[in-house]
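Engineer: Pasting a structure here, questions to come.
Nothing in this text is a laboratory measurement; each read-out follows from the coordinates by a stated rule. Since this is a predicted model, take the numbers as computed values, not measurements. Glycine gets a Cβ as well: all are built from the backbone with ideal geometry, and neighbour counts include every protein chain shown.
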Amino acid sequence: MNVVACVKQIPDPAAPASLDPSTRTLDRSGKLILDDSDSYGVEMALQLAGNVEGSEVTIVSMAPGGETAGLRTALAMGAARAILVSDDALAGSDALSTAKVLAAAIKRAEPDLVIAATESTDGYTGTVPVQVAELLGMPSVTFAKSVVTDGATVKVERQTEAGYDDVESPLPALVTVTAGVVEPRYPSFKGIMAAKSKPVEVLTLADLGIDPAQVGAAGARQEILDVKDAEARGSGEIVVDEGDGAQRIVAFLEQMKVI
Amino acid sequence: MDRIWVLAEAGESGPTPLTLELLTAARSLASTVEAVAWGGDTASLAAPLGEYGATKVYDVGDLGGSLPGAPVASAVAARVLGGDAPDAVLLPASYDGRDVAGRLSAKLDRPVLTNVTGLREADGALVTEHPVFGGTQIASARFTAEGPGLFVIRAKSFTAEPAGGGPAEVVSAPAGDTGATGGAVIRDRHAEAASGPKLDEAAVVVSGGRGLGGADAYALVEELASLLHGAAGASRAIVDAGWVPYSHQVGQTGKTVKPTVYVAAGISGATQHLVGMKGSKNIVAINKDQEAPIFSVADLGIVGDVHKVLPALIEALKQRG
Ligand SMILES: Cc1cc2nc3c(=O)[nH]c(=O)nc-3n(C[C@H](O)[C@H](O)[C@H](O)COP(=O)(O)OP(=O)(O)OC[C@H]3O[C@@H](n4cnc5c(N)ncnc54)[C@H](O)[C@@H]3O)c2cc1C
Ligand SMILES: Nc1ncnc2c1ncn2[C@@H]1O[C@H](COP(=O)(O)O)[C@@H](O)[C@H]1O
């Protein structure tokens, strides 16, 4: 079974984010890391591949500047190889353009199962994976909280408003996982060393046969008009509990007429 | 704007609240509002959808257990590509709404704007609002390409108001053959036992976070919520940890709540949590760390230990009877 795990490489969320003032898109010029949301997908892909003989996990990512730091993390966790699409013309891509590029790259891995995260930490459009599934002509199951496969079908517990549904789909299929489905492993020292010699195929738009005018800022069909400060919520009274904290809350609730 | 379609989702008792919010928003933006619905019982939706302003319901029909994403997107795309295109499609930011949006976007080759919390018309185009950086800033955006524009809208962005219209006309809009894309099928459904008001409808929400220290302590949150006739919520950290089911999660990937009073107990106030509860009328936070970001949005902040404050609060409320 060929399992593809989508991995977004993003600016470290711990570092303060900023918008590029000229394009009003997220500034991605700094060093990038593996999106934490995708570490669950990588772990899930590795576990599923481990249960079906003859399986292999390929990491697919689109990122600027030939960035491989996040890919190396995924390879160190145990993935066999990676495909990176990097092209200057991709800067400013919207979700659909990103999906077109990822779909073209994923196709090369002849996937039986594609795993992505429900939403990325920095973009959180939550639409890229389903767009990819549609472009690849695959069924998709989003919001998975548990995934099992025998290599022919995939069975998913999918979160719902009320609880969860048992969903079944033939392969090839795409599944998006939520955080907490599995506990991502820490790369071992051996894994980190092995990752250094694992193959990373770096592709440009030309390699994928995609017209640069259709993607990136050139092909974006949406624009950000402005970014303004939201109405600030004035912070109220902050008091240290001296044993009277509960009484203060009671008084507040009375004032708000909820008790 | 001439015509807007709203993806109408149904729950157990008719259209979901978010569906009614979208119909209300659509009504203020377009002269004609039409809905797209699915499931075996669309006829019964005609009245409530009509009451909120839809004049027609395109009925995709019974999906026979298939997940809605592929068949519903296919039905909508068939109409649009057949020449019957609205100016915009409003979709709910729900599990199935997002699936339909992604598929529709790829089928129509149109981008989609997600996480929309506001919508207005300017120079004949729809301009969206999106909270960024945990809602501290608001970005406005619009489509620059040919329509229909696709908008995925978060709950509680608009207030639902009936328009008093008669039942909508039901028009059959079957999905056609979805091929392999329609292969995902629901085999069984599991609902968690729910008591008290719904999280996104309650006047009081009490949420707990990792500061509770363990799954057992969530009982304090539930007890307090029940004493206040409210609902119990949670941060993602404790949902991921398996302390409480996902249906309790408040925030970017969970529910948006706007109660009269929101109580955050042992929650740090990460941006992804704040976007889901910042719209509450009043916020009470209990956290032992004076620097916790949750205090920046709190009307009343108690710097203290949840294990002291919550039991004392519960006791005081019980005393009042
Ligand atoms: C893509 C993405 C989506 C996300 N979506 C959501 C979402 O929808 N909802 C959400 O909530 N989060 C979401 N998150 C996660 C979010 O970033 C935070 O990790 C999470 O909200 C933290 O939960 P917490 O406040 O319970 O835990 P922590 O951040 O660990 O905070 C615990 C707090 O408890 C306090 N504390 C500890 N002990 C005590 C005590 N005895 N008494 C009082 N206070 C105490 C601490 O001071 C601390 O402030 C998302 C993250 C990502 C990347
Ligand atoms: N540039 C990218 N490279 C690889 N995977 C991506 C990329 N963008 C999005 N994805 C995948 O799609 C998921 C959802 O992203 P988003 O639609 O941005 O919320 C991510 O968590 C990844 O699994």
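Engineer: How well do other chains shield peptide B:11-18, expressed as the mean number of their Cβ atoms within 10 Å of each residue Cβ?
Structural biologist: Whole-number average of other-chain Cβ neighbours for B:11-18 is 1.
Engineer: Still on this structure: Quick one: compute the contact order of region B:204-320, relative version, from alpha carbon pairs under 8 angstrom and 6+ residues apart, as a percent.
Structural biologist: Over region B:204-320, the number comes to 25 percent.
Engineer: For region B:204-320, what proportion of DSSP beta bridges, expressed in % and rounded to the nearest 5, is antiparallel?
Structural biologist: 0 percent
Engineer: Right, another one. Would you mind telling me the antiparallel percentage of the DSSP bridges in the protein assembly as shown, rounded to 5?
Structural biologist: Antiparallel bridges: around 35 percent, rounded to the nearest 5.
Engineer: For B:LEU81 and A:ALA213, FRET efficiency with R0 = 30 Å and r from the beta-carbon atoms, rounded to 0.05?
Structural biologist: About 0.80, to the nearest 0.05.
Engineer: Enter the angle in degrees (range 0 to 90, nearest 10) between the Cα long axis of helix B:218-227 and the first principal axis of the Cα atoms of chain B, meaning the one along which they spread out most.
Structural biologist: Compared with the principal axis, the helix lies near 80 degrees.
Engineer: Using a simple charge model, +1 on the beta-carbon of Lys and Arg, -1 on the beta-carbon of Asp and Glu, nothing else, what dipole does the protein assembly as shown show about its Cα centre, in debye to the nearest 20?
Structural biologist: With only Lys, Arg, Asp and Glu charged at Cβ, the dipole is about 540 debye.
Engineer: If you don't mind, another one. When the dipole is taken about the Cα centre of region B:1-88, and only Lys, Arg (+1) and Asp, Glu (-1) are charged at their Cβ, what size is it in debye, to the nearest 20?
Structural biologist: Charge dipole, region B:1-88, about its Cα centre: 180 debye, nearest 20.
Engineer: Which percentage, to the nearest 5, of the DSSP beta bridges contained in region B:3-182 is antiparallel?
Structural biologist: Roughly 35 percent of the beta bridges in region B:3-182 run antiparallel, per DSSP.
Engineer: Note down the Stokes-Einstein diffusion coefficient of region B:98-194 in µm²/s, whole number, using a Kirkwood radius over alpha carbon pairs, 10 °C, and 1.306 mPa s.
Structural biologist: Translational D for this selection: 93 µm²/s.
Engineer: Between B:ASP62 and A:ALA80, how many nm apart are label points set 7 Å from Cα along the C-beta direction?
Structural biologist: Reported label-point gap for B:ASP62 and A:ALA80 is 4.4 nm.
Engineer: Assuming 0.36 nm per residue, please report the length gained on full extension of the stretch B:LEU29 to B:LYS281 beyond their Cα-Cα distance.
Structural biologist: Here the segment from B:LEU29 to B:LYS281 would lengthen by 88.0 nm.
Engineer: Which one of A:ALA117, A:GLN222, B:THR181 is farthest out on the positive end of the charge dipole of the protein assembly as shown, using unit charges on Cβ (Lys, Arg +1; Asp, Glu -1) and the Cα centre as origin?
Structural biologist: A:ALA117
Engineer: May I pose another question? Each label point is 7 Å from the Cα along the Cα-to-Cβ direction; what then is the distance between the points at B:ARG120 and A:ASN51, in nm?
Structural biologist: In this crude label model, B:ARG120 to A:ASN51 measures out at 5.1 nm.
Engineer: Using only the Cα atoms of the protein assembly as shown, build the gyration tensor, take square roots of its eigenvalues as a ≥ b ≥ c, and label the shape rounded, prolate or oblate: rounded if a/c is under 1.5, else prolate if a/b is larger than b/c, else oblate.
Structural biologist: oblate
Engineer: Considering only the other residues whose Cβ falls under 11 Å of the Cβ of B:VAL244, what net charge follows from Lys and Arg at +1 and Asp and Glu at -1?
Structural biologist: Neighbourhood net charge equals -2.
Engineer: Hey, got the average number of other protein chain Cβ atoms within 10 angstrom for residues in A:92-99?
Structural biologist: 3
Engineer: Using alpha-carbon pairs under 8 Å, 6+ residues apart, how would you state the relative contact order of chain B in percent?
Structural biologist: 15 percent
Engineer: What is the ratio of the Cα radius of gyration of region A:82-240 to 2.2 N^0.38 Å, where N is its residue count, to two decimals?
Structural biologist: Relative to the 2.2 N^0.38 Å estimate, region A:82-240 comes out at 1.30.
Engineer: Now for a different question. Per DSSP H run of n ≥ 4, the term is -39500 (n - 2.57); total these for the protein assembly as shown, divide by its residue number, and report the mean residue ellipticity at 222 nm rounded to 500 deg cm²/dmol.
Structural biologist: So the calculated ellipticity at 222 nm is -8000 deg cm²/dmol.
Engineer: Quick one: net charge around B:LEU29, please, counting Lys, Arg +1 and Asp, Glu -1 for every other residue with C-beta under 15 Å from its C-beta.
Structural biologist: My count for the surroundings of B:LEU29 gives -4.
Engineer: Still on this structure, please answer the following. Please arrange A:TYR186, B:TYR52 by how many other C-beta atoms lie within 10 Å of their C-beta, fewest to most.
Structural biologist: Starting with the residue having the fewest Cβ neighbours, the order is A:TYR186, B:TYR52.
Engineer: About the Cα centre, and with charges only on the beta carbon of Lys, Arg (+1) and Asp, Glu (-1), how big is the dipole of region B:194-321? Nearest 20 debye, please.
Structural biologist: Its charge dipole is roughly 240 debye.
Engineer: Right, next: Mind checking the mean number of beta-carbon atoms from other chains within 10 Å of the Cβ atoms in B:91-104?
Structural biologist: Mean partner-chain Cβ count within 10 Å for B:91-104: 5.
Engineer: Which stretch or stretches of region B:42-58 have amide N atoms under 16 Å from the point lying 7 Å from B:GLU201's Cα along the Cα→Cβ direction?
Structural biologist: B:48-49
Engineer: Which lysines have a Cα lying under 19 Å from the Cα of A:LYS155, excluding residues fewer than 8 positions away in the same chain?
Structural biologist: A:LYS145
Engineer: Still on this structure, please answer the following. Checking the a/c ratio against 1.5 first, then a/b against b/c, what shape does the Cα gyration tensor give for region B:156-261?
Structural biologist: oblate
Engineer: With unit charges on the beta carbon (Lys/Arg positive, Asp/Glu negative), name the residue among B:SER105, B:GLY61, B:ALA85 whose Cα is farthest towards the positive pole of the charge dipole of region B:3-182.
Structural biologist: Of the listed residues, the answer is B:SER105.
Engineer: Against the longest principal axis of chain B, how steep is helix B:17-29, in degrees 0 to 90 to the nearest 10, with axes from Cα atoms?
Structural biologist: 60 degrees
Engineer: Okay, next question. Quick check: pseudo-label points 7 Å beyond the Cα along Cα→Cβ at A:MET193 and B:GLU192, how many nm apart are they?
Structural biologist: In this crude spin-label approximation the distance works out to 4.5 nm.
Engineer: Same structure, new question: Could you tell me whether region A:89-170 comes out rounded, prolate or oblate from its Cα gyration tensor? Rule is a ≥ b ≥ c as square roots of the eigenvalues, rounded for a/c under 1.5, then prolate if a/b exceeds b/c, otherwise oblate.
Structural biologist: It comes out oblate by the Cα gyration axes.
Engineer: Shifting gears a bit: With the cut-off at 18 Å, report for region B:204-320 the share of all Cα pairs above it, as a whole percent.
Structural biologist: Result for the distance tail: 42 percent.
Engineer: How many lysine pairs are close in region B:204-320, with Cα atoms under 26 Å apart and the two 8 or more places apart or on different chains?
Structural biologist: Close lysine pairs found across region B:204-320: 14.
Engineer: Using +1 at the Cβ of each Lys and Arg and -1 at the Cβ of each Asp and Glu in chain A, identify which of A:GLN131, A:ASN51, A:ALA251 lies farthest towards the dipole's positive end.
Structural biologist: The residue sitting most towards the positive pole is A:ASN51.
Engineer: Distance between the C-alpha centers of region B:171-233 and region A:34-103? Whole Å please.
Structural biologist: Distance between centres, Cα-based: 31 Å.
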